[in-house]
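Data block below; observations after.
The values are calculated or read from the model by the stated rules, or taken from the named source; none is laboratory data. This one's a predicted model, so the numbers in the text were calculated from it and none came from an experiment. A quick note on method: Cβ atoms are made from the backbone with ideal geometry, for glycine too, and the neighbour counts reach across all protein chains shown. Please note that ligands, DNA and RNA were not included when accessible areas were found on the heavy atoms of the full protein model with its side chains. Shrake-Rupley method; radii C 1.70, N 1.55, O 1.52, S 1.80 Å.
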Amino acid sequence: MGFGKDDFKIASKAENERLVALILSDKQYFLTTFSIALSTDNPIAWRASWCLHKVLPKYKKELITEVDRIFEAFPTFTHHGQIGSFIRILKSIDFNPENSGNAIDCCIRLLRDENIPDYVKFYSIELLVKIAMQIPELKNEFSDIIEDVIPTGKTYMIRVKAKKLLEVLRRNL
C-alpha cells in the first residue's frame, strides 16, 4: 500500500507521530503530504498541513521554493486548522511579501470572523506584522485591523501577546 490521503484519515497522537516520522524519512512522502495539504479535502488536508508544520525544520528550503503555490492555494482553504498550519509555516520561512496578497486577505478575513479561534487569529497577526515590517506602507492599515481584534480576544494570546505585537508595529511606524 502506498503513502497517500488514506494515511491522514485517522486522527490520533500515535498516528500523527508515525506520519511525521515517515515524512522525515523520505522526501517523496513530504512531496505527497504537501500536495494533500494544499487540497480542499478536509479534514485530511488539515492533518497533512499540521504534519508539514511539524517537519518544517527539515523541509524549510523546499517550502520556500513552493511558497507561491501556498499563496495561490490560500483562497481555497476552508478549515481553520489548515489555514493556521500554513500561516505558521509562512511566518517561519523567508518569502517575497509582494506575492502574499492572498495570504494577507485571508488573515484579515480571519481576524474579522468571530467564529475563528484566537490561536488562528494570533498566527494571522504574527504574519501580518512580519509582512508589514517588510512593506512599511501596510503598517498603518494592519495596526488598525489588529487594534480592532484585541478587545474581542478571549485568550492571553490576543489580549496580551497581540497587544505587544501591535506596539512593535506602531513603534516602527
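Residue-wise test of (1) open to solvent by less than 60 Å² (accessible area, probe 1.4 Å); (2) part of a loop (DSSP other than H, G, I, E, B); (3) touching a strand residue (DSSP E or B) at 6+ places or on another chain (Cβ under 7 Å); (4) touching a residue at least 40 places away in the same chain (Cβ under 8 Å).
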position	(1), (2), (3), (4)
Tyr119	no, no, no, no
Ile131	yes, no, no, no
Ile158	yes, no, no, yes
Leu165	yes, no, no, yes
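Can you pull out the residues in segment 65-84 that are under 16 Å from Thr33 (Cα atoms), open to solvent by less than 60 Å² (accessible area, probe 1.4 Å) and either assigned to a helix (DSSP H, G or I) or aliphatic (A, V, I, L, M) (or both)?
Val67, Ile70, Ala73, Gly81, Gln82, Ile83 - these are the residues of segment 65-84 that are under 16 Å from Thr33 (Cα atoms), open to solvent by less than 60 Å² (accessible area, probe 1.4 Å) and either assigned to a helix (DSSP H, G or I) or aliphatic (A, V, I, L, M) (or both).
Scan segment 8-64 residue by residue and report those that are open to solvent by 50 Å² or more (accessible area, probe 1.4 Å), outside any helix (DSSP H, G or I) and among the small types (Gly, Ala, Ser).
Ala11
Could you go through segment 92-105 and let me know if any residue there is more than 19 Å from Thr32 (Cα to Cα), open to solvent by less than 70 Å² (accessible area, probe 1.4 Å), without any contact (Cβ under 8 Å) to a residue 12 or more places away in the chain and not in a helix (DSSP H, G or I).
no
Please verify whether Asn115 is of a type in the set (S, T, N, Q) and either exposed (fewer than 15 other Cβ atoms within 10 Å of the Cβ) or without any contact (Cβ under 8 Å) to a residue 12 or more places away in the chain (or both), treating the condition exactly as stated.
Yes, satisfied.
Of the residues Glu126, Glu147, Glu137, which single one is surrounded by 16 or more Cβ atoms within 10 Å (Cβ to Cβ), acidic (Asp, Glu) and assigned to a helix (DSSP H, G or I)?
Testing whether each residue is surrounded by 16 or more Cβ atoms within 10 Å (Cβ to Cβ), acidic (Asp, Glu) and assigned to a helix (DSSP H, G or I) leaves just Glu126.
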